[in-house]
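Below you'll find the structure, written out as structure tokens, and then a few comments.
The values are calculated or read from the model by the stated rules, or taken from the named source; none is laboratory data. All values reported here derive from a predicted model rather than from experimental measurement. Backbone-built Cβ (ideal geometry, glycine too); neighbour counts: all protein chains shown.
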Amino acid sequence: MGKGMWAWGAGDGRAPCPHPFTLARLRARIHLMMLSCRFALSQKACEHNRRGSQTKFIKDHTKKIMKNYQAALFDMDGVVADTNQSVRDFWYMLARREKITLSEEDFKHHIYGCPSEYTLTRLFPHMSAETRLAIHEDIMVYERNMYYQAMPGVVDLLRDFKRQGILTALVTSGRRWRVNLAFQHIGISELFNAIVTVEDITRGKPDPECYLLGARLLGKAAEDCLVFEDAVSGIRAGYVAGATCVGIQEDAERAQALRDAGAALVVPDFRSMHLAPSSVSDFSTLVVQADGTKYARFTLKADHVRR
């Protein structure tokens with residue numbers, strides 16, 4: 001046997017021991033094996049945590065869907081009134097005039113569902129106070145000349161809610177005169193129990209103040225309310241307030257953005273849902289068809305005292 005692998009004692013009868021070079025290689029191999037084991041364990045732990053988080057998310061939303069709700073809160077633009085195209089046209093016109101390029105992300109996060117002052121601050125920070133004042137006047141003139149029409153299916157649902165004694169509130173970043181104009185055009189002045197506009201709050205969406213106030217005006221807790229929203233800022237506001245949010249959006253990319261913001265489910269419009277009477281007195285079931293084949297059911301309790 002050669003001496004490359006083993007170092008022998010100098011004729012003193014001692015047992016052979018590994019050569020130092022071979023010992024270093026063994027230690028390196030053992031170290032690599034330990035690192036490999038640790039990596040595998042960490043991957044399993046990450047996968048477990050990921051699955052656990054997904055399961056928790058599903059369970060949380062399932063619990064919300066299965067609970068009894070006591071009121072419904074509606075945004076106005078893009079939910080009750082179909083105004084999204086008019087909103088896009090105005091801000092595109094202003095952006096071209098100011099030589100600013102607006103992205104879809106700008107519309108998602110800083111225009112749809114947001115007060116105009118918030119939009120000007122975030123997207124047009126260079127404007128002076130005098131220019132902003134002029135822009136607000138332009139917005140008022142533009143909006144006064146808009147014709148408001150209802151989103152598909154919303155009027156029928158609101159009438160069903162009214163008939164069954166389910167409380168509703170309109171919660172909007174718009175001004176009171178816009179609400180009055182929209183109600184006049186659509187013919188829904190008697191279908192809401194409460195109204196919250198930008199004049200009633202100090203912080204607009206995505207702050208939850210508006211939805212907390214809407215629930216309070218109905219005498220309910222926000223966590224006992226359903227919120228119908230079409231904008232990321234609105235979904236965030238409702239979600240942080242503690243409500244269960246249903247997104248109204250037909251665009252696939254924007255619908256996913258609503259889910260990411262906290263919507264329990266998203267549907268194209270209100271034709272995907274109907275109110276069905278329950279076998280239990282004073283309760284109704286809102287049946288929502290999502291994704292074409294899946295159904296969600298929300299139980300709503302009537303409040304005949306406030307009807």
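Observations
- Applying a threshold of 6 Å to beta carbon distances and a minimum spacing of six or more residues, or different chains, the list of pairs starting in the range 179-197 at a residue that is hydroxyl-bearing (Ser, Thr, Tyr) and ending at one that is surrounded by fewer than 19 Cβ atoms within 10 Å (Cβ to Cβ) reads Thr197/Arg175; Thr197/Arg176.
- Counting only helices (runs of 4 or more DSSP H) that sit completely within the range 81-165, those holding 1 or more residues that are surrounded by fewer than 20 Cβ atoms within 10 Å (Cβ to Cβ) and in contact with a strand residue (DSSP E or B) (Cβ under 6 Å, 6 or more places away or on another chain) correspond to 154-164.
- Within the range 154-182, considering residues that are under 29 Å from Asp207 (Cβ atoms) and among the small types (Gly, Ala, Ser), the one nearest to the chain's Cα centre (by Cα): Ser173
- Among the residues of the range 166-188, the one identified as aromatic (Phe, Trp, Tyr) and either under 21 Å from Leu218 (Cβ atoms) or buried (at least 21 other Cβ atoms within 10 Å of the Cβ) (or both) is Phe183.
- Any hit, the range 204-215, residues being of a type in the set (Lys, Arg) and either crowded, with 19+ Cβ neighbours inside 10 Å or assigned to a helix (DSSP H, G or I) (or both): yes
- Any hit, the range 120-128, residues being closer than 19 Å to Val198 by Cα, without any contact (Cβ under 8 Å) to a residue 12 or more places away in the chain, not basic (Lys, Arg) and not assigned by TED's automatic domain parsing to the domain that holds Gly234: yes
- Conditions (1) part of a loop (DSSP other than H, G, I, E, B); (2) closer than 24 Å to Ser86 by Cβ; number of the one not met by Glu199: (1)
- Conditions (1) at pLDDT below 95; (2) under 24 Å from Val196 (Cβ atoms); (3) charged (D, E, K, R); number of the one not met by Lys294: (2)
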